[in-house]
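Single-structure report; data block below.
Where a number appears in this text, it was derived from the coordinates with a stated rule and is not lab data. Bear in mind that the values here come from a model prediction, so they are computed numbers and not experimental data. A quick note on method: Cβ atoms are made from the backbone with ideal geometry, for glycine too, and the neighbour counts reach across all protein chains shown.
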Amino acid sequence: MRKIIAISALLLALLPFMAAAQTSPDDPAVQAAKEETAVVFDLGRFFGFLHTMEEQSPELALSRDQLEELYRSMNELKGMQRVEPDSAERLLVYFEDEVLSPDQLMEVDQLAIARMESRETQSSTQGTGTGGGQITSYIAGGAFNPMTDDSKTIGKDFNAFFEYVAKQLGK
């Protein structure tokens with residue numbers, strides 16, 4: 001009898017993970033999670049856009065103070081297992097309102113628009129990728145930090161920019 005109770009308890013504990021693993025891209029929970037977490041992915045892409053700006057627009061180079069602030073924030077993000085949408089939104093607003101100059105912000109926005117247009121063109125011909133593993137983990141209440149996923153472009157871009165910033169600051 002105790003074995004049945006133990007097995008039942010184990011199955012109940014694993015139920016959320018099993019359900020999350022069986023979600024399909026058309027599942028309403030997956031769609032809702034994608035909408036909720038879009039800002040986290042936006043934050044991750046933001047760092048890649050800053051790196052592109054640094055490489056392509058030297059006249060808009062980040063100051064030492066800006067680099068210090070970005071480094072501090074990125075270091076915190078690297079240590080987070082789960083980035084919540086509210087935190088990502090606050091951080092993006094802070095960067096946009098307090099850290100970047102208007103010209104830098106305009107450049108980042110232009111890079112984001114160009115990327116979005118490129119993705120729309122690709123998705124109409126190839127289909128879209130969803131970051132399914134990350135979304136499934138988010139739904140299950142587990143780890144969710146696309147910026148630390150080196151297997152994805154966001155993670156690679158984040159790490160490349162982090163290394164760039166660290167080098168610029170001599171860290």
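Counting 0.36 nm for each residue step from ASP42 to ASP27 and taking away their Cα separation leaves a gain of 3.2 nm. Were the residues from LYS167 through SER73 laid out at 0.36 nm apart, the gain over their Cα-Cα distance would be 32.3 nm. Is the stretch 34-171 rounded, prolate or oblate when judged by the Cα gyration tensor, a ≥ b ≥ c being the square roots of its eigenvalues, rounded requiring a/c under 1.5 and prolate requiring a/b larger than b/c? In terms of gyration-tensor shape, oblate. Among ARG64, ARG90, ARG45, sorting on how many other beta-carbon atoms sit within 10 Å of each Cβ, with the fewest leading, yields ARG64, ARG90, ARG45. Roughly how many nanometres apart are two label points built 7 Å out from the Cα toward the Cβ at ALA160 and SER63? About 2.8 nm, to one decimal.
Between PHE144 and ARG82, VAL83, the built amide H atoms are under 5 Å apart, and every one of these is 5 or more places off in sequence or on another chain.
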